[in-house]
Amino acid sequence: MRVSAIIVVAALLLSACGQTEEKAAPAQGEVIAVIESWAQALEKGDYDKVWEHMSKESHELWARNWSAPGAARDQAKALRLALESEFTAAEEKERIRRDLEKFPPMAQLEGMTPQKYFAWKVNSMQTADQRKAAREFHQKLNVKEVVIEGDSATVVWIIEEAERFYLVKEEGKWKIAPNPKDRREMEAMRKKEGQGQEKR
């Protein structure tokens, strides 16, 4: 191949790379915008909006955390029954009262949805200062890299210890998804549930 032809090919390859980066840039901007919006809603305590930014699998994860057999709802009810039992020792009841602080009040249990549980849990776990700190960190200037593969995206932060963000595109919008470990665990639970139904 002549030198002039090599130069032309190289120029075409560079041009193609540039076009790929230009196409990726808007998607990367959309991903970062979703995270910033999520963090702003979190700081304001607008948990409905935070929930909207979450993927279907994230919603499923919280539904399982709340209402799956043996999950938070069942644990809270069991603790309440033990507290009210005349056979429970006084010292044990004191421990149970402390454990019950990790769950919504009994009056809210029956009508509580996974979304409401999510809002209660996040609000009980984080102070206003912690939510503010989360908003200050989760913004574009702290993003090291956004890796997009099809309808999946991974956000890597400049601080290596910071937990990566995973997003998926649903109905044309980027949504915050569970991390790979949680997704694998949910998939294993679905498989187990499916096998249980087949045996019936």
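Details
- Measuring nothing but protein heavy atoms, the accessible surface of the chain at 1.4 Å probe radius is 53 percent carbon and sulfur.
- Label-to-label distance, nm, for residues given as residue 109 and residue 92 (7 Å Cα→Cβ offset): 1.7 nm
- Candidate lysines for bridging to residue 93, where Cα separation is under 22 Å - those fewer than 8 sequence places away on the same chain excluded: 77, 102
- Estimated dipole of the chain in Debye, rounded to 20 [Cβ of Lys and Arg +1, of Asp and Glu -1, Cα centre]: 320 debye
- The mean sequence separation of alpha-carbon pairs under 8 Å and at least six residues apart, normalised by the residue count of the chain, gives a relative contact order of 25 percent.
- Comparing mean-square fluctuations of 44, 181, 56 from a GNM of the chain with C-alpha springs under 10 Å, the top value falls on 181.
- Gyration tensor (alpha-carbon) shape descriptor, region 107-200, a/c threshold 1.5: oblate
- Per residue, the average separation of C-alpha pairs within less than 8 Å and at least 6 apart gives region 66-140 a relative contact order of 28 percent.
- When the Gaussian network model of the chain links Cα atoms closer than 10 Å, the mean-square fluctuations of 109, 42, 61 top out at 109.
- Largest GNM mean-square fluctuation among 173, 116, 93, using the chain with Cα springs under 10 Å: 93.
- Eligible lysines near residue 192 by straight Cα distance, threshold 17 Å, same-chain separation 8 or greater: 181
- Between helix 90-100 and the chain: long-axis angle, C-alpha atoms, 0 to 90°, nearest 10: 30 degrees
- Taking the C-alpha atoms only, the angle from helix 3-44 to the longest principal axis of the chain is near 20 degrees.
- Angle between the chain longest axis and helix 114-125 axis [Cα atoms, degrees, rounded to 10]: 90 degrees
- Centroid-to-centroid separation of region 131-195 and region 34-73 [C-alpha atoms, Å]: 13 Å
- Computed over protein heavy atoms with a 1.4 Å probe, the accessible surface of region 69-142 works out to 67 Å² per residue.
- Helical content of the chain, expressed as a calculated mean residue ellipticity at 222 nm, amounts to -21000 deg cm²/dmol (DSSP H runs of 4 or more residues, -39,500 (n - 2.57) each, divided by residue number, nearest 500).
- By the rule of a C-alpha distance below 18 Å, with chain neighbours fewer than 8 residues away ignored, the lysines paired with residue 169 are 23, 49, 56.
- Taking 0.36 nm per residue of sequence separation and removing the Cα-Cα distance, the residue 84/residue 195 pair yields an extension gain of 36.2 nm.
The values are calculated or read from the model by the stated rules, or taken from the named source; none is laboratory data. No experiment lies behind these values; they were computed from the predicted model shown. Here the Cβ is made from the backbone with ideal geometry for all residues, glycine too, and neighbour counts use every protein chain on show. Areas reflect the complete protein model, heavy atoms only, side chains present, ligands, DNA and RNA absent. Shrake-Rupley method; radii C 1.70, N 1.55, O 1.52, S 1.80 Å.
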